[in-house]
Each structure stands twice: as C-alpha cells, then as structure tokens.
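In what follows, a single structure is set out as structure tokens and then discussed.
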Amino acid sequence: GHLSVNGSPPILISPDVIPASSMGAYSQPSDPVVFADDAAYKMVFSATNIDGVKQLFMATSPDGLNWTPVMTPLLNDEQSWHELDKRARSIESTSEGIRLWYAGSNGARFRIGSALWSESEQDFVAESGSGTDWVFGTGTPGQFDDADVMHPVVYNDGGKTHLIYSAFDGEIWSLGHAIRQTDGSFVRTTDFNGNPKASLRGAPLTFSH
C-alpha cells in the first residue's frame, strides 16, 4: 500500500494497491520497487505461489496510486541460483536502459543479481557476473557477508558506481559496500590490512542484530 492524506481533518490511509483478488493463484505481495516509464509508472514486486516459491511480477499505473498487476512471472529462467526466491530492491537508470537490482536464493543462500528491462520481451533479462550467473555473491568463509547478501542499492557518485547491501554471517546482519570495477565486477571495501570490512555492523542483543 501507500500513505495518502484523505478527509477533513486529513488522516493517513493505506489502501491495498495489490489486493488478493487481483493475484490469481499467488499471494503475499511484498518488496515493491516503483519507477517511471514514459507517461506511466511500473512496479516490480514479489508474490508467492502455492509451492512457496517467491517470484517477481510487474504492475502498471497511470498515476502511481491505482495499480493493475500482470501475474506473469518475470525472470522465469532456468538459472538455479534464484529459482526459489526473488526479491526486487532498487532500480538503476543507465544508458543501457532500466536495470533492476534484486536478491535471489536457491534455498541455501541469497546472492545479488541484476537484469535489464527489455521492451520487446516485456521482461527483465538477467545479467551475469564474472564467471557466475549472479552479479555479486557471498564472501569467503569468515567474512561478515559469508552467509547471505541482499537488498542491493546502487548509485553513482564521483564517477564511481557504488553498491550498498545487507550482509549476514549466520549470526549478525551488517551493511556492506562495494565499488564497480571496469570489468563490471564489484570489489568490497577493505580495512588497512586489505580484508573486506562491514560499513555498519549490528550489535548482539540489540535491534540491529
């Protein structure tokens, strides 16, 4: 839903923009990402099928308030790394087109992927990393992000492309940072010893754990 001001005196309302009646055999819509497209808006969101598989879908809106979902799965390819769970997170507008950043899982761990919107196919086309089907994977054993990497947000600053992401080591969640290289790969920020470091790390027994 979204928050709107309505009535006098004004109150905040949160309408159900993707109601269950519009989703067919799917349920539990979540993880919405909205972007402008020509004279309309598009939303990428996740929904779950009867087998518990979380897939990506598209909804369109003329005004950003009233949405019509199209319940045809996006990125419905045969890549096993994201076959059980896909969660959209952010949009990057590039000279190549609209790039979706998302997290995907095969049931063992979450990794980060990207996909470019294809107008002709009306679908996102997955991009590959350097030697992997995903773009950014988990760290090596013992690192702060060796279990899961999720929630990618990409932005450009000072001529560099930065990736901010959530990281999990099996016990504590952190925020990680990486910078895109000329070959398209992302390299993690390191400490003085050259070891990958968390930009912000949760503390045990607190809300950030």
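Summary table below
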{"item": "Qualifying residues in region 174-186 (those that are at pLDDT below 95 and open to solvent by 40 Å² or more (accessible area, probe 1.4 Å)) - the one nearest to the chain's Cα centre (by Cα)", "result": "Arg180"}
{"item": "Selected residue (only one of Leu84, Leu100 is aliphatic (A, V, I, L, M), open to solvent by less than 10 Å² (accessible area, probe 1.4 Å) and out of contact with any Pro (no Cβ under 9 Å at 6 or more places or on another chain))", "result": "Leu100"}
{"item": "Residues being within 19 Å of Phe124 (Cβ to Cβ), touching a residue at least 12 places away in the same chain (Cβ under 8 Å) and out of contact with any Asp or Glu (no Cβ under 7 Å at 6 or more places or on another chain) - total across region 14-47", "result": "16"}
{"item": "Residues that are without any contact (Cβ under 8 Å) to a residue 12 or more places away in the chain and among the acidic types (Asp, Glu), drawn from region 121-162", "result": "Glu121, Asp157"}
{"item": "All positions within region 49-69 that are buried (at least 17 other Cβ atoms within 10 Å of the Cβ) and under 22 Å from Ala103 (Cβ atoms)", "result": "Lys54, Gln55, Leu56, Phe57, Met58, Ala59, Pro69"}
{"item": "Lone unmet requirement of (1) open to solvent by 70 Å² or more (accessible area, probe 1.4 Å); (2) not in a loop (DSSP other than H, G, I, E, B) for Ser120", "result": "(2)"}
{"item": "Odd one out for Gln28, checked against (1) modelled with pLDDT of 85 or more; (2) polar (S, T, N, Q); (3) assigned to a loop (DSSP other than H, G, I, E, B)", "result": "(3)"}
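The values are calculated or read from the model by the stated rules, or taken from the named source; none is laboratory data. For clarity, every value in this text was computed on a predicted model and none was experimentally measured. We place every Cβ from the backbone using ideal geometry, glycine too, and count neighbours over all the protein chains shown. These area figures cover heavy atoms from the full protein model, side chains too; ligands, DNA and RNA do not enter into them. Shrake-Rupley method; radii C 1.70, N 1.55, O 1.52, S 1.80 Å.
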